[in-house]
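*Asks:* Just dropping this structure here.
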Amino acid sequence: MVVRRPPGRRAQILAVAADRFHRSGYHQVSMTEVAAGVGITAPALYRHFRGKPELLDRAVRLGLDALAEGLRPARTTADLGAALAAVAVGHRPLGTLVQRDARLLPPARRAALRRELRADVALMVAVLRAERPELADGDAELLCWSALSACAGLSYQSAAPQPRRAEALLRELVAAVLAVSLDGTAAGPVVVPAPGARPRARREELLAAAVRLFHQRGFDNVSTDQLGAAVGISGPSVYRHFDSKAELLAASLVRSRERLWHEVDGAIAAAAGPGAALGAGLGAYVGFALRNGDYLGAMLSETERLAPPDRRAAVDFRRDFLRTWVGLLRQVHPDCDPAAARIRVHALFALVNDGVRNRPHSARPDLGDCLLRLGRAVLGIPGDGPG
(Lines give C-alpha, C1' and ligand atoms only; values in the text may rest on other atoms or scores of the structure.)
Protein backbone atom coordinates (compact mmCIF):
# COMPACT_ATOMS: atom_id res chain seq x y z
CA MET A 1 0.00 0.00 0.00
CA VAL A 2 1.30 3.49 -0.90
CA VAL A 3 1.10 5.98 1.96
CA ARG A 4 0.52 9.45 0.60
CA ARG A 5 2.04 12.43 2.39
CA PRO A 6 -0.34 15.24 3.35
CA PRO A 7 -0.32 18.10 0.85
CA GLY A 8 1.84 21.03 1.88
CA ARG A 9 3.92 18.99 4.34
CA ARG A 10 7.17 20.71 3.36
CA ALA A 11 5.58 24.14 3.81
CA GLN A 12 4.26 23.04 7.21
CA ILE A 13 7.72 21.85 8.26
CA LEU A 14 9.33 25.10 7.15
CA ALA A 15 6.76 27.17 9.05
CA VAL A 16 7.36 25.21 12.26
CA ALA A 17 11.15 25.32 11.83
CA ALA A 18 11.16 29.06 11.18
CA ASP A 19 9.04 29.66 14.28
CA ARG A 20 11.26 27.47 16.47
CA PHE A 21 14.49 29.03 15.20
CA HIS A 22 12.98 32.48 15.68
CA ARG A 23 11.86 31.86 19.26
CA SER A 24 14.76 29.80 20.61
CA GLY A 25 17.73 30.31 18.28
CA TYR A 26 19.11 27.87 15.75
CA HIS A 27 21.47 26.08 18.13
CA GLN A 28 18.74 25.44 20.71
CA VAL A 29 16.37 23.65 18.29
CA SER A 30 16.67 19.97 17.36
CA MET A 31 15.27 18.15 14.36
CA THR A 32 13.26 16.05 16.84
CA GLU A 33 11.62 19.21 18.19
CA VAL A 34 10.73 20.40 14.69
CA ALA A 35 9.30 16.98 13.85
CA ALA A 36 7.20 16.96 17.01
CA GLY A 37 5.85 20.41 16.14
CA VAL A 38 4.67 19.06 12.79
CA GLY A 39 3.32 15.82 14.27
CA ILE A 40 5.75 13.46 12.53
CA THR A 41 8.78 11.44 13.54
CA ALA A 42 12.36 12.64 13.12
CA PRO A 43 13.09 9.95 10.47
CA ALA A 44 10.06 11.18 8.51
CA LEU A 45 11.40 14.74 8.74
CA TYR A 46 14.71 13.62 7.24
CA ARG A 47 12.85 12.35 4.19
CA HIS A 48 11.99 15.98 3.45
CA PHE A 49 15.15 17.78 4.59
CA ARG A 50 18.68 16.48 5.08
CA GLY A 51 19.33 18.42 8.27
CA LYS A 52 19.04 21.69 10.17
CA PRO A 53 21.26 23.71 7.79
CA GLU A 54 18.97 22.91 4.88
CA LEU A 55 15.90 23.70 7.01
CA LEU A 56 17.33 27.10 7.92
CA ASP A 57 18.35 27.83 4.34
CA ARG A 58 14.92 26.95 2.98
CA ALA A 59 13.09 28.88 5.70
CA VAL A 60 15.09 32.01 4.94
CA ARG A 61 14.69 31.56 1.21
CA LEU A 62 10.91 31.18 1.58
CA GLY A 63 10.70 34.58 3.25
CA LEU A 64 13.06 36.26 0.79
CA ASP A 65 11.12 34.82 -2.14
CA ALA A 66 7.96 36.37 -0.69
CA LEU A 67 9.79 39.68 -0.31
CA ALA A 68 11.03 39.68 -3.90
CA GLU A 69 7.59 38.68 -5.18
CA GLY A 70 5.99 41.55 -3.28
CA LEU A 71 8.53 44.15 -4.38
CA ARG A 72 8.74 43.22 -8.06
CA PRO A 73 5.45 44.83 -9.14
CA ALA A 74 5.92 47.94 -6.92
CA ARG A 75 5.71 51.24 -8.79
CA THR A 76 5.41 53.73 -5.91
CA THR A 77 6.87 54.09 -2.45
CA ALA A 78 3.41 53.30 -1.11
CA ASP A 79 3.63 49.97 -2.96
CA LEU A 80 7.03 49.38 -1.34
CA GLY A 81 5.59 50.02 2.09
CA ALA A 82 2.70 47.65 1.45
CA ALA A 83 5.05 44.89 0.29
CA LEU A 84 7.50 45.28 3.18
CA ALA A 85 4.72 45.42 5.76
CA ALA A 86 2.96 42.35 4.37
CA VAL A 87 6.15 40.27 4.48
CA ALA A 88 7.09 41.54 7.94
CA VAL A 89 3.71 40.42 9.30
CA GLY A 90 3.23 37.30 7.20
CA HIS A 91 6.80 36.05 7.66
CA ARG A 92 7.54 37.48 11.09
CA PRO A 93 10.53 35.18 11.85
CA LEU A 94 12.34 36.36 8.71
CA GLY A 95 14.05 39.36 10.31
CA THR A 96 15.54 37.25 13.10
CA LEU A 97 16.57 34.46 10.74
CA VAL A 98 18.36 36.84 8.37
CA GLN A 99 20.01 39.05 10.99
CA ARG A 100 20.91 36.38 13.55
CA ASP A 101 20.88 32.86 12.16
CA ALA A 102 21.69 33.10 8.44
CA ARG A 103 25.36 33.76 9.27
CA LEU A 104 25.52 30.09 10.38
CA LEU A 105 24.92 28.93 6.81
CA PRO A 106 27.80 27.89 4.54
CA PRO A 107 29.65 30.87 2.99
CA ALA A 108 28.26 30.25 -0.49
CA ARG A 109 24.68 30.33 0.79
CA ARG A 110 25.33 33.44 2.89
CA ALA A 111 26.70 35.18 -0.20
CA ALA A 112 23.69 34.10 -2.26
CA LEU A 113 21.25 35.43 0.35
CA ARG A 114 23.13 38.71 0.49
CA ARG A 115 22.90 39.01 -3.30
CA GLU A 116 19.16 38.42 -3.12
CA LEU A 117 18.76 41.17 -0.54
CA ARG A 118 20.85 43.55 -2.62
CA ALA A 119 18.66 42.81 -5.63
CA ASP A 120 15.58 43.60 -3.53
CA VAL A 121 17.14 46.89 -2.40
CA ALA A 122 18.01 47.74 -6.01
CA LEU A 123 14.32 47.35 -6.89
CA MET A 124 13.40 49.64 -4.02
CA VAL A 125 16.01 52.23 -4.97
CA ALA A 126 14.66 52.44 -8.53
CA VAL A 127 11.15 53.12 -7.25
CA LEU A 128 12.34 55.63 -4.64
CA ARG A 129 14.50 57.60 -7.07
CA ALA A 130 11.63 57.79 -9.54
CA GLU A 131 9.75 59.75 -6.85
CA ARG A 132 12.81 61.52 -5.42
CA PRO A 133 15.24 62.01 -8.34
CA GLU A 134 17.33 64.43 -6.26
CA LEU A 135 18.61 61.58 -4.09
CA ALA A 136 22.16 60.36 -4.59
CA ASP A 137 22.51 56.61 -5.05
CA GLY A 138 24.15 56.14 -1.65
CA ASP A 139 21.43 58.11 0.14
CA ALA A 140 18.64 56.21 -1.63
CA GLU A 141 20.26 52.88 -0.74
CA LEU A 142 20.65 53.87 2.92
CA LEU A 143 16.97 54.87 3.11
CA CYS A 144 15.87 51.58 1.52
CA TRP A 145 18.06 49.42 3.77
CA SER A 146 16.71 51.39 6.74
CA ALA A 147 13.12 50.74 5.68
CA LEU A 148 13.89 47.02 5.46
CA SER A 149 15.45 47.07 8.93
CA ALA A 150 12.57 49.00 10.47
CA CYS A 151 10.12 46.37 9.25
CA ALA A 152 12.41 43.54 10.38
CA GLY A 153 12.18 44.98 13.89
CA LEU A 154 8.74 43.38 14.15
CA SER A 155 10.51 40.02 14.29
CA TYR A 156 11.90 40.84 17.74
CA GLN A 157 8.54 41.33 19.43
CA SER A 158 7.80 38.53 21.86
CA ALA A 159 4.08 38.54 21.09
CA ALA A 160 2.54 38.68 17.64
CA PRO A 161 0.74 42.00 17.08
CA GLN A 162 -2.70 42.36 15.53
CA PRO A 163 -1.89 41.86 11.80
CA ARG A 164 -3.93 44.63 10.20
CA ARG A 165 -2.85 47.27 12.69
CA ALA A 166 0.78 46.19 12.44
CA GLU A 167 0.72 46.35 8.64
CA ALA A 168 -0.86 49.79 8.69
CA LEU A 169 1.75 51.15 11.11
CA LEU A 170 4.65 49.58 9.23
CA ARG A 171 3.43 51.13 5.99
CA GLU A 172 3.43 54.46 7.81
CA LEU A 173 6.96 53.88 9.11
CA VAL A 174 8.28 52.94 5.66
CA ALA A 175 6.77 56.09 4.20
CA ALA A 176 8.36 58.17 6.96
CA VAL A 177 11.80 56.58 6.47
CA LEU A 178 11.76 56.91 2.68
CA ALA A 179 10.77 60.59 3.02
CA VAL A 180 13.71 61.50 5.29
CA SER A 181 16.00 64.21 3.93
CA LEU A 182 19.72 63.53 4.20
CA ASP A 183 20.67 66.94 2.84
CA GLY A 184 23.23 68.74 4.94
CA THR A 185 24.09 65.80 7.19
CA ALA A 186 27.16 66.47 9.30
CA ALA A 187 30.09 64.16 9.89
CA GLY A 188 30.43 63.03 13.47
CA PRO A 189 33.54 63.57 15.56
CA VAL A 190 36.41 61.13 15.14
CA VAL A 191 37.19 59.44 18.44
CA VAL A 192 40.94 59.27 18.98
CA PRO A 193 42.40 57.54 22.06
CA ALA A 194 44.09 59.97 24.40
CA PRO A 195 47.90 59.78 24.12
CA GLY A 196 49.52 57.97 26.99
CA ALA A 197 46.21 56.51 28.21
CA ARG A 198 46.65 53.77 30.80
CA PRO A 199 46.46 50.30 29.26
CA ARG A 200 43.37 48.35 30.22
CA ALA A 201 43.63 45.43 32.59
CA ARG A 202 43.97 42.06 30.85
CA ARG A 203 40.46 41.05 31.93
CA GLU A 204 39.02 44.17 30.29
CA GLU A 205 41.01 43.52 27.14
CA LEU A 206 39.60 40.00 27.00
CA LEU A 207 36.04 41.28 27.42
CA ALA A 208 36.49 43.70 24.52
CA ALA A 209 38.17 41.08 22.31
CA ALA A 210 35.48 38.50 23.10
CA VAL A 211 32.66 40.81 22.04
CA ARG A 212 34.45 41.59 18.78
CA LEU A 213 35.36 38.00 17.90
CA PHE A 214 32.05 36.45 18.95
CA HIS A 215 30.21 39.00 16.81
CA GLN A 216 32.46 38.58 13.78
CA ARG A 217 32.85 34.78 13.81
CA GLY A 218 30.22 33.34 16.13
CA PHE A 219 30.70 31.77 19.55
CA ASP A 220 31.35 28.25 18.24
CA ASN A 221 33.96 29.44 15.74
CA VAL A 222 36.16 31.26 18.27
CA SER A 223 38.76 29.27 20.21
CA THR A 224 40.48 30.20 23.44
CA ASP A 225 43.74 30.33 21.44
CA GLN A 226 42.20 33.02 19.21
CA LEU A 227 40.90 34.91 22.22
CA GLY A 228 44.30 34.81 23.89
CA ALA A 229 46.12 35.84 20.71
CA ALA A 230 43.84 38.86 20.40
CA VAL A 231 45.26 40.26 23.65
CA GLY A 232 48.78 38.89 23.45
CA ILE A 233 48.54 35.85 25.72
CA SER A 234 48.33 32.09 25.20
CA GLY A 235 45.00 30.30 24.97
CA PRO A 236 45.34 28.48 28.32
CA SER A 237 46.09 31.82 30.01
CA VAL A 238 42.50 32.88 29.27
CA TYR A 239 41.43 30.51 32.06
CA ARG A 240 43.30 32.58 34.62
CA HIS A 241 40.60 35.20 34.11
CA PHE A 242 37.51 33.15 33.17
CA ASP A 243 36.59 29.55 33.95
CA SER A 244 35.18 28.90 30.49
CA LYS A 245 34.48 30.47 27.12
CA ALA A 246 30.80 30.58 28.08
CA GLU A 247 31.63 32.59 31.20
CA LEU A 248 33.66 35.00 29.08
CA LEU A 249 30.71 35.46 26.70
CA ALA A 250 28.34 36.12 29.60
CA ALA A 251 30.72 38.59 31.26
CA SER A 252 31.37 40.47 28.01
CA LEU A 253 27.65 40.92 27.37
CA VAL A 254 27.03 42.00 30.96
CA ARG A 255 29.77 44.64 30.74
CA SER A 256 28.39 45.96 27.46
CA ARG A 257 24.83 46.08 28.84
CA GLU A 258 26.06 48.07 31.84
CA ARG A 259 27.69 50.64 29.56
CA LEU A 260 24.62 50.87 27.33
CA TRP A 261 22.32 51.43 30.31
CA HIS A 262 24.68 53.95 31.91
CA GLU A 263 24.94 56.06 28.75
CA VAL A 264 21.30 55.98 27.68
CA ASP A 265 19.67 56.21 31.09
CA GLY A 266 22.06 59.00 32.06
CA ALA A 267 21.12 61.01 28.98
CA ILE A 268 17.39 60.48 29.59
CA ALA A 269 17.61 61.38 33.28
CA ALA A 270 19.50 64.60 32.57
CA ALA A 271 16.91 65.91 30.08
CA ALA A 272 14.10 68.29 30.98
CA GLY A 273 10.75 66.85 29.96
CA PRO A 274 9.67 63.74 27.99
CA GLY A 275 10.32 65.22 24.53
CA ALA A 276 13.85 66.28 25.38
CA ALA A 277 14.44 62.97 27.16
CA LEU A 278 13.36 60.95 24.12
CA GLY A 279 15.63 62.99 21.88
CA ALA A 280 18.53 62.69 24.32
CA GLY A 281 18.00 58.95 24.64
CA LEU A 282 18.00 58.61 20.86
CA GLY A 283 21.25 60.55 20.61
CA ALA A 284 22.85 58.43 23.33
CA TYR A 285 21.73 55.18 21.73
CA VAL A 286 23.04 56.17 18.31
CA GLY A 287 26.33 57.30 19.84
CA PHE A 288 26.68 54.03 21.74
CA ALA A 289 25.87 52.00 18.62
CA LEU A 290 28.48 53.81 16.54
CA ARG A 291 31.16 52.91 19.09
CA ASN A 292 29.88 49.46 20.05
CA GLY A 293 28.55 47.77 16.93
CA ASP A 294 30.30 44.54 17.93
CA TYR A 295 28.36 44.38 21.18
CA LEU A 296 25.04 44.99 19.44
CA GLY A 297 25.86 42.23 16.97
CA ALA A 298 26.95 39.80 19.69
CA MET A 299 23.88 40.63 21.79
CA LEU A 300 21.69 39.84 18.78
CA SER A 301 23.44 36.65 17.69
CA GLU A 302 24.94 35.07 20.79
CA THR A 303 22.40 35.55 23.61
CA GLU A 304 20.94 32.11 22.92
CA ARG A 305 24.40 30.58 23.54
CA LEU A 306 24.34 31.71 27.18
CA ALA A 307 23.60 29.40 30.09
CA PRO A 308 19.92 29.62 31.16
CA PRO A 309 20.46 32.02 34.13
CA ASP A 310 22.61 34.35 32.03
CA ARG A 311 20.15 34.16 29.15
CA ARG A 312 17.28 35.09 31.46
CA ALA A 313 19.27 38.09 32.73
CA ALA A 314 19.92 39.22 29.15
CA VAL A 315 16.24 38.85 28.21
CA ASP A 316 15.16 40.69 31.36
CA PHE A 317 17.49 43.56 30.46
CA ARG A 318 16.06 43.80 26.95
CA ARG A 319 12.53 43.80 28.35
CA ASP A 320 13.32 46.55 30.86
CA PHE A 321 15.17 48.60 28.26
CA LEU A 322 12.24 48.30 25.86
CA ARG A 323 9.78 49.22 28.62
CA THR A 324 11.72 52.41 29.34
CA TRP A 325 11.53 53.51 25.70
CA VAL A 326 7.89 52.54 25.26
CA GLY A 327 6.91 54.47 28.37
CA LEU A 328 8.85 57.54 27.27
CA LEU A 329 7.42 57.44 23.75
CA ARG A 330 3.88 57.23 25.13
CA GLN A 331 4.51 60.28 27.30
CA VAL A 332 5.48 62.18 24.14
CA HIS A 333 2.59 60.64 22.15
CA PRO A 334 -0.28 59.94 24.61
CA ASP A 335 -2.43 58.70 21.71
CA CYS A 336 0.09 55.95 20.90
CA ASP A 337 -1.05 52.69 22.48
CA PRO A 338 1.48 50.20 23.90
CA ALA A 339 1.35 47.89 20.87
CA ALA A 340 2.09 50.70 18.43
CA ALA A 341 4.81 52.09 20.69
CA ARG A 342 6.53 48.70 20.83
CA ILE A 343 6.50 48.44 17.04
CA ARG A 344 8.08 51.89 16.73
CA VAL A 345 10.76 51.21 19.34
CA HIS A 346 11.67 47.82 17.86
CA ALA A 347 11.88 49.49 14.46
CA LEU A 348 14.28 52.07 15.91
CA PHE A 349 16.56 49.48 17.50
CA ALA A 350 16.69 47.36 14.33
CA LEU A 351 17.33 50.36 12.12
CA VAL A 352 20.22 51.64 14.26
CA ASN A 353 21.71 48.22 15.01
CA ASP A 354 21.76 47.32 11.32
CA GLY A 355 22.90 50.77 10.27
CA VAL A 356 26.17 50.65 12.20
CA ARG A 357 26.99 47.16 10.90
CA ASN A 358 25.78 47.22 7.29
CA ARG A 359 28.63 48.09 4.94
CA PRO A 360 29.29 50.18 2.94
CA HIS A 361 26.88 52.56 4.68
CA SER A 362 28.39 51.91 8.10
CA ALA A 363 31.54 53.69 6.88
CA ARG A 364 29.73 56.96 6.10
CA PRO A 365 31.27 59.80 8.12
CA ASP A 366 27.78 61.31 8.52
CA LEU A 367 26.16 58.03 9.59
CA GLY A 368 25.39 59.29 13.10
CA ASP A 369 23.45 62.28 11.78
CA CYS A 370 21.65 60.03 9.26
CA LEU A 371 20.62 57.60 11.98
CA LEU A 372 19.35 60.43 14.19
CA ARG A 373 17.10 61.66 11.41
CA LEU A 374 15.89 58.15 10.60
CA GLY A 375 15.34 57.43 14.29
CA ARG A 376 13.22 60.54 14.72
CA ALA A 377 11.17 59.45 11.71
CA VAL A 378 10.30 56.03 13.13
CA LEU A 379 9.63 57.42 16.60
CA GLY A 380 7.43 60.13 15.15
CA ILE A 381 9.24 63.00 16.84
CA PRO A 382 9.88 66.31 15.04
CA GLY A 383 13.19 67.40 13.65
CA ASP A 384 14.32 66.26 10.21
CA GLY A 385 17.11 68.78 9.97
CA PRO A 386 20.71 68.45 11.03
CA GLY A 387 21.19 66.57 14.29
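*Asks:* For segment 37-71, what are the residues that are part of a helix (DSSP H, G or I), β-branched (Val, Ile, Thr) and more than 28 Å from LEU84 (Cβ to Cβ)? Working first, answer last.
*Replies:* At the first step, the residues of segment 37-71 found to be part of a helix (DSSP H, G or I) are 37-38, 42-46, 52-71.
Cutting the leftovers down to β-branched (Val, Ile, Thr) gives us 38, 60.
The one that is part of a helix (DSSP H, G or I), β-branched (Val, Ile, Thr) and more than 28 Å from LEU84 (Cβ to Cβ): VAL38.
*Asks:* Restricting attention to segment 128-144, which residues are within 27 Å of LEU97 (Cβ to Cβ) and open to solvent by 30 Å² or more (accessible area, probe 1.4 Å)?
*Replies:* Let us first name the residues in segment 128-144 that are within 27 Å of LEU97 (Cβ to Cβ), namely 128, 140-144.
The one that is within 27 Å of LEU97 (Cβ to Cβ) and open to solvent by 30 Å² or more (accessible area, probe 1.4 Å): GLU141.
*Asks:* Here's another thing I want to ask about it. Applying the selection to segment 21-49, what residues are open to solvent by less than 30 Å² (accessible area, probe 1.4 Å) and closer than 20 Å to ASP220 by Cα?
*Replies:* PHE21, HIS22, GLY25, TYR26, VAL29, MET31
*Asks:* On to the next question. Report, by residue number, each residue of segment 72-84 that is part of a helix (DSSP H, G or I) and among the charged types (D, E, K, R). Reasoning before the result, please.
*Replies:* Looking only at segment 72-84, we keep the residues that are part of a helix (DSSP H, G or I), and these are 77-84.
The one that is part of a helix (DSSP H, G or I) and among the charged types (D, E, K, R): ASP79.
*Asks:* Give me the pairs: first residue in segment 168-186 and in a loop (DSSP other than H, G, I, E, B), second residue open to solvent by 10 Å² or more (accessible area, probe 1.4 Å) and of a type in the set (Val, Ile, Thr), beta-carbon distance under 9 Å, and six or more apart or on different chains, which are they?
*Replies:* Close Cβ pairs satisfying both conditions: ALA179/THR77.
*Asks:* What is the one condition in (1) more than 30 Å from LEU169 (Cα to Cα); (2) open to solvent by less than 30 Å² (accessible area, probe 1.4 Å) that LYS52 does not satisfy?
*Replies:* Here LYS52 meets the rest and fails (2).
*Asks:* If you don't mind, there's one more thing I want to ask. Which count do you get for residues in segment 334-357 that are farther than 16 Å from ALA166 by Cβ and surrounded by fewer than 18 Cβ atoms within 10 Å (Cβ to Cβ)? I'd like the intermediate steps shown before the answer.
*Replies:* Start the filter on segment 334-357 by keeping residues that are farther than 16 Å from ALA166 by Cβ, which leaves 334-335, 349, 351-357.
With the extra rule that they be surrounded by fewer than 18 Cβ atoms within 10 Å (Cβ to Cβ), the set shrinks to 334-335, 357.
Qualifying residue count, segment 334-357: 3.
*Asks:* Scan segment 19-36 and tell me whether some residue there is under 28 Å from ALA340 (Cα atoms), β-branched (Val, Ile, Thr), assigned to a helix (DSSP H, G or I) and in contact with a Leu (Cβ under 8 Å, 6 or more places away or on another chain).
*Replies:* Within segment 19-36, the subset under 28 Å from ALA340 (Cα atoms) is 19-25.
Those left that are additionally β-branched (Val, Ile, Thr): none.
No, the conditions are met nowhere in segment 19-36.
*Asks:* Do we have any residue at all in segment 328-344 that's touching a His at 6+ places or on another chain (Cβ under 6 Å) and either in a helix (DSSP H, G or I) or farther than 20 Å from LEU170 by Cα (or both)?
*Replies:* Taking segment 328-344 first, the residues touching a His at 6+ places or on another chain (Cβ under 6 Å) are none.
No: segment 328-344 contains no residue that is touching a His at 6+ places or on another chain (Cβ under 6 Å) and either in a helix (DSSP H, G or I) or farther than 20 Å from LEU170 by Cα (or both).
*Asks:* Quick one: what pairs do we get from segment 326-346, first residue in contact (Cβ under 8 Å) with a residue 12 or more places away in the chain and on the phi > 0 side of the Ramachandran plot, second of a type in the set (Phe, Trp, Tyr) and open to solvent by 50 Å² or more (accessible area, probe 1.4 Å), C-beta under 6 Å, 6+ apart or different chains?
*Replies:* If the second residue must be of a type in the set (Phe, Trp, Tyr) and open to solvent by 50 Å² or more (accessible area, probe 1.4 Å), no pairs are left.
*Asks:* Right, next: Out of THR77, THR96, report the one residue that is open to solvent by less than 40 Å² (accessible area, probe 1.4 Å), touching a residue at least 60 places away in the same chain (Cβ under 8 Å), of a type in the set (Val, Ile, Thr) and within 30 Å of VAL315 (Cα to Cα).
*Replies:* Numbers: THR77 fails: within 30 Å of VAL315 (Cα to Cα).
Selected residue: THR96, the only one of THR77, THR96 that is open to solvent by less than 40 Å² (accessible area, probe 1.4 Å), touching a residue at least 60 places away in the same chain (Cβ under 8 Å), of a type in the set (Val, Ile, Thr) and within 30 Å of VAL315 (Cα to Cα).
*Asks:* Would you kindly identify the helices (runs of 4 or more DSSP H) lying entirely within segment 224-295 that contain at least 3 residues that are at negative phi and of a type in the set (Val, Ile, Thr)? Full working, then the answer.
*Replies:* Values: elements: 224-230, 245-270, 274-291.
Hits in segment 224-295: 245-270.
*Asks:* Something else: Looking at segment 151-168, is at least one residue closer than 17 Å to ARG357 by Cβ, out of contact with any helix residue (DSSP H, G or I) (no Cβ under 6 Å at 6 or more places or on another chain), at pLDDT 95 or above and not polar (S, T, N, Q)?
*Replies:* Looking for residues that are closer than 17 Å to ARG357 by Cβ, out of contact with any helix residue (DSSP H, G or I) (no Cβ under 6 Å at 6 or more places or on another chain), at pLDDT 95 or above and not polar (S, T, N, Q), one finds none in segment 151-168, hence no.
*Asks:* Hey, another quick one. Identify, please: which residue in segment 210-230 is closer than 24 Å to VAL356 by Cβ and in contact with a Lys or Arg (Cβ under 7 Å, 6 or more places away or on another chain) and is, among those, most open to solvent (accessible area, probe 1.4 Å)?
*Replies:* Among them, the one singled out is PHE219.
*Asks:* Against the conditions (1) surrounded by 19 or more Cβ atoms within 10 Å (Cβ to Cβ); (2) modelled with pLDDT under 95, where does ARG318 fall short? Just the number, please.
*Replies:* All conditions are met except number (1).
The values are calculated or read from the model by the stated rules, or taken from the named source; none is laboratory data. Computed from a predicted structure; not experimentally measured. A quick note on method: Cβ atoms are made from the backbone with ideal geometry, for glycine too, and the neighbour counts reach across all protein chains shown. The protein model used for the area step is the full one, side chains on, heavy atoms only, and it has no ligands, DNA or RNA in it. Shrake-Rupley method; radii C 1.70, N 1.55, O 1.52, S 1.80 Å.
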